Amino acid sequence: MSFWWTVGFEAAKLSMQFAGALFIAWRTVRWALRRYKDEKHWERRLSAYSELTTALGTLLNILAEWEDQELTERGPRGATTEELRASYWGARKKLEEAHSTAMLLLSQVVANKIQKLVQDLAKNDDGDHDAFIDKIDGEWKLVLAARDEIVAIGRNDLQIT
């Protein structure tokens, strides 16, 4: 009977090793999949922050160019007035689109900041300004403050030092 006892013991040992190997493989695959999903989500959030800050940066560049034109009383450098205007409204549209992405991927604080900025810019459009320079200055302050806040939140959210 010791032969069969030894065979049974070895079979049980092999079964336990096989079950252990399956368990470890299953846990490893789950860990790798979780890590992959976490990295993909981080990349999507990074992309959303990048698109948002790019739109804000474009707005700041155009506003700076317009302010320079107003102060120096010269024409546009490198881009026509129409190209600047088209870029400005394109960046404003991207900013509005970024709100939807922010609601899905980014914090509610960021989504609210974007929504408030879009509303404030629209109010600035509707406002009765004595001079174009006042409009530019008002928008510059709004966009700069929003960009700085969103960059700080993004750095913290993405854990970028």
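The values are calculated or read from the model by the stated rules, or taken from the named source; none is laboratory data. Remember, it's a predicted structure, so these values are computed and weren't measured experimentally. Quick reminder, even Gly has a Cβ in these numbers, built from the backbone with ideal geometry, and neighbours come from all protein chains shown. Heads up: the accessible areas ignore ligands, DNA and RNA and are worked out on the full protein's heavy atoms, side chains in. Shrake-Rupley method; radii C 1.70, N 1.55, O 1.52, S 1.80 Å.
Just how large is the dipole of the range 1-97 about the Cα centre, in debye to the nearest 20, putting +1 at every Lys and Arg Cβ and -1 at every Asp and Glu Cβ? It would help to have the intermediate numbers written out before the result.
Working: 15 positive and 14 negative charges, 190 e Å.
With Lys and Arg at +1 and Asp and Glu at -1, about 920 debye.
I need the helices of the chain that pass two filters: whole DSSP H segments spanning 15 Å or more by Cα along the axis, and mean Kyte-Doolittle score no lower than -0.5.
Details: long enough: 2-72 (102 Å, -0.22); 81-105 (35 Å, -0.61); 108-126 (27 Å, -0.60); 132-158 (38 Å, 0.11).
Answer set is 2-72, 132-158.
Normalising the average separation of contacting C-alpha pairs (under 8 angstrom, six or more residues apart) by the number of residues puts the relative contact order of the range 49-161 at 36 percent. The calculated FRET efficiency for the pair Ser47 and Arg85, based on their C-beta separation and a Förster distance of 25 Å, comes to about 0.40. What shape does the range 70-110 have by the C-alpha gyration tensor, where a ≥ b ≥ c are the square roots of the eigenvalues, rounded means a/c under 1.5, and otherwise prolate means a/b greater than b/c and oblate the rest? Prolate shape, in that a/c is at least 1.5 and a/b is the bigger ratio.
Find out how many positive minus negative residues lie around Leu33, taking Lys and Arg as positive, Asp and Glu as negative, among other residues whose Cβ is under 13 Å from that of Leu33. Before the final figure, lay out the partial values.
Values: positive: Arg27, Arg30, Arg34, Arg35, Lys37, Lys40; negative: Asp38, Glu39.
Local charge sum for Leu33: +4.
For the chain, the C-alpha radius of gyration sits at 1.87 times the compact-globule guess of 2.2 N^0.38 Å, with N the residue count. A straight Cα-to-Cα reach below 29 Å connects Lys93 with the lysines Lys40, Lys113, Lys116, Lys123, Lys135, Lys141, residues fewer than 8 places away in its own chain not being considered.
Relative to one another, the C-alpha centroids of the range 24-48 and the range 82-161 are positioned 31 Å apart.
Determine the gain in length on full extension of the stretch Leu60-Ser107; use 0.36 nm per residue of separation and subtract their C-alpha separation, reporting nm with one decimal. Don't skip to the end; give the middle numbers.
On the way: separation 47, 0.36 × 47 = 16.92 nm, distance 2.34 nm.
Between Leu60 and Ser107, full extension yields an extra 14.6 nm.
The residue list Ala122, Gln17, Thr58 was ranked by how far each Cα lies along the charge dipole of the chain toward its positive end, using unit charges on Cβ atoms, and Gln17 comes out on top.
Label-to-label distance, Leu33 versus Glu67, with points set 7 angstrom from Cα along the beta-carbon direction: 5.2 nm. Dipole magnitude for the range 46-119: computed about the Cα centre from +1 point charges on Lys and Arg Cβ and -1 point charges on Asp and Glu Cβ, it is near 300 debye.
Taking the protein heavy atoms of the range 47-161 in the context of the full set of protein chains, the accessible area attributed to carbon and sulfur is 51 percent at 1.4 Å.
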